[in-house]
Amino acid sequence: MAQYSRVSGTVGLITLLNPPVNALSAAVRQGIVDTLDKALSDRKVKSVVICGHNGKFCGGADIREFSSPLTGPPLIPLIQGVESAAKPVVAAIDGVALGGGLELALGCHYRIAHSKARLGLPEVHLGLLPGAGGSQRLPRLIGVPAALDLITTGRHVTGAEALQLGLVDKVTDRNTVDEAVKFALSVADQPPNSRRVSTFPCPRHPDLDALFEGAMQRVRQRARGALAPVACVQAIRAAATLPYAQGMERERELMATLFTSGQARAQQYHFFAQRAVGRWSMPSGARWDTTKPGAVHKAMVIGLGTMGRGISVALVQAGVSVVAMETNEKQLMEAKQAISSMLERGAKRRGVAPALDKIRYSWNMEPAADVDLVIEAVFEDMALKKKLFQQLSALCKPGTFLCSNTSGLDVDQLASETRHPELVVGMHFFAPAHVMKLLEVVYGSRSSPQAVATAMELGKRMGKVSVAVGNCRGFVGNRMLKPYLEQAFFLLEEGTTPEFVDQVLEEFGFAMGVFRMSDLSGLDVGWRVRKADGLLNVSEGHSARIRQGCRYSPLGDLLCEQGRFGQKTGRGWYQYDKPGGRVAKPDPWLHGFLEKFRTQHGLVAHRIDHQEVLERCLYALMNEGFRILEDGIAAGPEDIDVIYVLGYSWPPHRGGPMFYAGMVGLQKVLERLEHYHQEHPDIPSLKPCNLLRKLVVNGSPPVHKWREFLKKPQSQL
Ligand SMILES: CCCCCCCCCCCCC/C=C/C(=O)SCCNC(=O)CCNC(=O)[C@H](O)C(C)(C)COP(=O)(O)OP(=O)(O)OC[C@H]1O[C@@H](n2cnc3c(N)ncnc32)[C@H](O)[C@@H]1OP(=O)(O)O
């Protein structure tokens, strides 16, 4: 709804009221129509201010309403009504003005913003475009290049940047509504005719064709296969080339296509899933809303390789004092330099001073005695980590949380080395740790709810989306990755090439196909893990393609034996112009090697098509996701999907693997898995999991109902 009052004698004040972000629900839209009517018909009112309750202007259209038939006054004519008002209307922008919220402000005749307010048109992240006139008014106000940037990236700008762009008329550090009222008094006598943005000509640009071509190329590269960014560019092109009314018609057409698309549904699901994972629970019955996190003022990071450096930066940027530790003095010095420059670059980007005084460096463990939390980020070696946890347990003050940045080792084993296993959790960061938004928080069988709450909260302070998951090999993300990688290797054995597999996966929307990714992260990483797992030993009398009773592809191991570790050695699944080179080129040597391998093992290459690559890689991965749900390692499909989109570059417009399984149809996923498992009975990951069967038997319910089919955890509280 919206509240109305008259202030300072002649200013009609409309306050949007819909906590927490004053989204433009049907009731709010009706409220605006009614209160604007009141203000315009009140003779004592000379000008109008629109603001939001509780320091937030407006978070945009109410996204929850998009999944049911639209009711209440539509937004486009409402904003048109504001713009055509005969009395000056001023938007007082505090907190946020996003999406429809900013579009409403663009319909006002003046915009006054707090310097720290955040303004933006983030609809592209919801699979939409700014469809309430935003795509037509913004370029008219700030020019085509700036509008292209804001609308296609969905990025937020501060009030200060908005002023530079010409998006707002004034910024203030004082009370925004008071300032807006003063401003409204000052313009009360000025007819708003010349202030209607829809009547502005779009600022000219010397080479529109080149500008739009470049923009189209960028969006297609950034989000392969996503419809919304392309539609955003098309809508802005309409603003630049057509009269306003025709531009609005084009905006409406493009929006109608997006609005009902599966991609929009997927991206809106992802929006709410990111928020839902914050409401975590553990099998013990412990929950986010009944557990208080411990205070973390000071933390220690042990091991300053790539991960440790990124974690240290993320902690410092979150305001935590850090002791960064590394035993090797040379590495410690290198790390210090690298961390300082990362902090300086980050501070420059955010327009603040670098908090270099928040971090100190140590080559020994002694400072651990005085910290609230330790994150170890040493080499992925269980024996090494165990020893470290023993030492920490003896050294730390009572109550210090001990966290491991392991990407898949057993958290319970680490906890069992300590005197207080309840204080131990996994904090699995993703590289680069100061950039990537995902954090897997891994609870072991003895982790206390408070330890989990502390890690979850710390992740949030670092600007991450934290997902609580159970303890198993690889946790959620890496456990699901295993069958996906395996399928890709098997497909090579059976007849295809790394280029074709990557092309299919990239067309699906992954930023990088599986082989390019493997070259980037280094083939030796998985090789070392397989060695530790005893997978490199061929049992006597058995084929090299069977290990531990299941089908196994030795291809990755054979490449490693040749020193082909990927980009860093200049050779891997592809060839590069030099070690460290980034441009992957098909490698005739590898094609020959694959042929030789097939001959050696009596394999006859067959034609593998696009569908088979996609289905075998993705359905095997989804199948493992269903197993993870069945095992209670993830509390719900949203947790898995958020992990995959934020940590494994699953395309957001496909929602995540579990959401995508629902989009494809669970029946179809089951049938195809059955088909492939029949063809390859020696690949257990292709055997459809029971939960998938159970969901299909129960009519393939939508993803938000799957939790009803999961085993209920037994509360032990
Ligand atoms: C037949 C077909 C016809 C088709 C034609 C159709 C034409 C239709 C025309 C309609 C035109 C509409 C055009 C406008 C579109 C939009 O405006 S889309 C929305 C754009 N806005 C956003 O994307 C902003 C989303 N929100 C945020 O980014 C953040 O929430 C925030 C505002 C920056 C606040 O962040 P923070 O303080 O961290 O809080 P959160 O935890 O994120 O949010 C708190 C709760 O509020 C919920 N929420 C936030 N925004 C919205 C929203 N816009 N709608 C609904 N709900 C919202 C959020 O989910 C949190 O709640 P919980 O999920 O319960 O935790």
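Annotations for the structure displayed:
- Accessible area per residue was computed with a 1.4 Å probe on protein heavy atoms; E380 scores about 80 Å².
- Ellipticity estimate at 222 nm from DSSP helix runs (n ≥ 4, -39,500 (n - 2.57)) divided over the chain, nearest 500: -14000 deg cm²/dmol
- Converting the Cα gyration tensor eigenvalues of the range 516-584 into ellipsoid dimensions via √(5λ) gives semi-axes, longest first, of 27, 10, 9 Å.
- Neighbour cut-off at most 16 other Cβ (10 Å), DSSP loop, chymotrypsin sites (Phe, Trp or Tyr not before Pro), the range 378-408: F379
- Formal net charge of residues neighbouring L594 (Cβ-Cβ distance under 11 Å; K, R +1; D, E -1): -2
- Its convex hull of Cα atoms gives the chain a direction-averaged projected area, equal to a quarter of the hull surface, of 34.0 nm².
- Cα shape, the range 392-532, gyration tensor, a/c 1.5 rule: prolate
- Kirkwood hydrodynamic radius (C-alpha pairs) into Stokes-Einstein, the range 2-259, 4 °C and 1.567 mPa s, D in µm²/s: 72 µm²/s
- Summed residue charge, Cβ within 11 Å of T569's Cβ, Lys/Arg positive, Asp/Glu negative: +2
- Gyration tensor (alpha-carbon) shape descriptor, the range 558-717, a/c threshold 1.5: prolate
- Here the gap between R419 and E253, fully extended at 0.36 nm per residue and compared with their Cα-Cα distance, gives a gain of 53.3 nm.
- In this structure, the amide hydrogen of V469, modeled 1.01 Å from its nitrogen in the peptide plane, lies closer than 5 angstrom to those of V441, V442, Y443, counting only residues at least 5 positions away or on a different chain.
- With θ taken as phi - 60° and the Karplus curve 6.51 cos²θ - 1.76 cosθ + 1.60 applied, the whole-hertz 3J(HN,Hα) list for the range 437-449 is 7, 9, 9, 8, 9, 9, 9, x, 5, 10, 5, 7, x Hz, x standing for glycine and proline.
- Total charge dipole magnitude, the range 298-473, about the Cα centre, Cβ charges on Lys, Arg, Asp, Glu only, Debye to nearest 20: 580 debye
- Taking the Cα centre of the chain as reference, the dipole from Cβ charges on Lys and Arg (+1) and Asp and Glu (-1) amounts to some 1360 debye.
- Heavy atoms of R654: accessible area, 1.4 Å probe, square angstrom to 10: 60 Å²
- Full extension of the chain between H606 and A26 gives 203.1 nm of extra length, using 0.36 nm per residue less the Cα-Cα distance.
- Ordering P74, G127, V703 by Cα displacement along the dipole of the chain toward the positive end leaves P74 in first place; charges were set at the Cβ atoms of Lys, Arg (+1) and Asp, Glu (-1).
- Residue-normalised accessible area of the chain, given per residue in Å² at a 1.4 Å probe: 43 Å²
- The 1.4 Å probe gives accessible areas that order H125, H53, largest first, as H125, H53.
- Accessible surface of the chain [probe 1.4 Å, protein heavy atoms]: carbon and sulfur percent: 53 percent
- For the range 409-539, the relative contact order is 16 percent, taking Cα pairs closer than 8 Å that sit 6 or more residues apart in sequence and dividing their mean separation by the residue count.
- Cβ-Cβ FRET estimate between Q503 and M333, R0 fixed at 35 Å, reported to 0.05: 0.20
- About the centre of its Cα atoms, the range 2-259 shows a dipole size close to 220 debye [charges on the beta carbon of Lys, Arg (+1) and Asp, Glu (-1) only; nearest 20 debye].
- Rounded to the nearest 10 Å², the accessible area of R571 at probe 1.4 Å: 90 Å²
- Anisotropy class of the range 449-515 from Cα gyration tensor, a/c 1.5 cut: oblate
- Charge tally around T290: other residues with Cβ under 15 Å, Lys/Arg +1 each, Asp/Glu -1 each, net +1.
- DSSP bridge orientation in the chain - percent antiparallel, rounded to nearest 5: 30 percent
- Mean separation of Cα contacts under 8 Å (6+ apart) over length of the range 298-473, as relative contact order %: 21 percent
- Model label zone, V525; criterion: amide N under 19 Å from point 7 Å along Cα-to-beta-carbon; scope the range 362-384: 376-382
- Relative to the dominant Cα principal axis of the chain, helix 306-317 is inclined by about 30°.
- Amide H to amide H, with H built 1.01 Å from N, A324 comes under 5 Å of V301, R360, Y361, S362, counting only residues 5 or more places away or on other chains.
- Here the ratio of the Cα radius of gyration of the range 158-257 to 2.2 N^0.38 Å is 1.41.
- Extending 7 Å from Cα along the Cβ direction at R279 and again at Q217 yields two label points whose distance is 4.6 nm.
- Approximate shape of the range 206-247 as ellipsoid semi-axes (Cα gyration tensor, √5λ), whole Å, largest first: 20, 13, 4
- In this calculation the C-beta distance from A394 to R707 is compared with R0 = 56 Å, giving a FRET efficiency of 0.85.
- 29 Å Cα-Cα threshold exceeded, pairs from K170/K348; K531/K568; K668/K712; K330/K460; K531/K712: K330/K460; K531/K712
- Dipole of the range 496-600, positive direction: furthest Cα of V504, H542, P588, with charges on the beta-carbon: H542
- Rounded to the nearest 10 degrees, the angle from helix 588-600 to the longest Cα principal axis of the chain is 50 degrees.
- ³J(HN,Hα), Karplus 6.51/-1.76/1.60, whole Hz, each residue of the range 637-651, x for Gly, Pro: x, 4, 4, 5, 5, 5, 4, 6, 6, 7, x, 10, 6, 4, x
- Angle between the chain longest axis and helix 477-494 axis [Cα atoms, degrees, rounded to 10]: 60 degrees
- Note: relative contact order over the chain, using C-alpha pairs below 8 Å and six or more positions apart, is 9 percent.
The values are calculated or read from the model by the stated rules, or taken from the named source; none is laboratory data. Bear in mind the structure is a predicted one, so any value in this text is a computation, not a measurement. Counting neighbours? That spans all protein chains shown, and the Cβs are built from the backbone with ideal geometry, glycine included. Accessible surface is based on the protein model in full, side chains and every heavy atom, while ligands, DNA and RNA are left aside. Shrake-Rupley method; radii C 1.70, N 1.55, O 1.52, S 1.80 Å.
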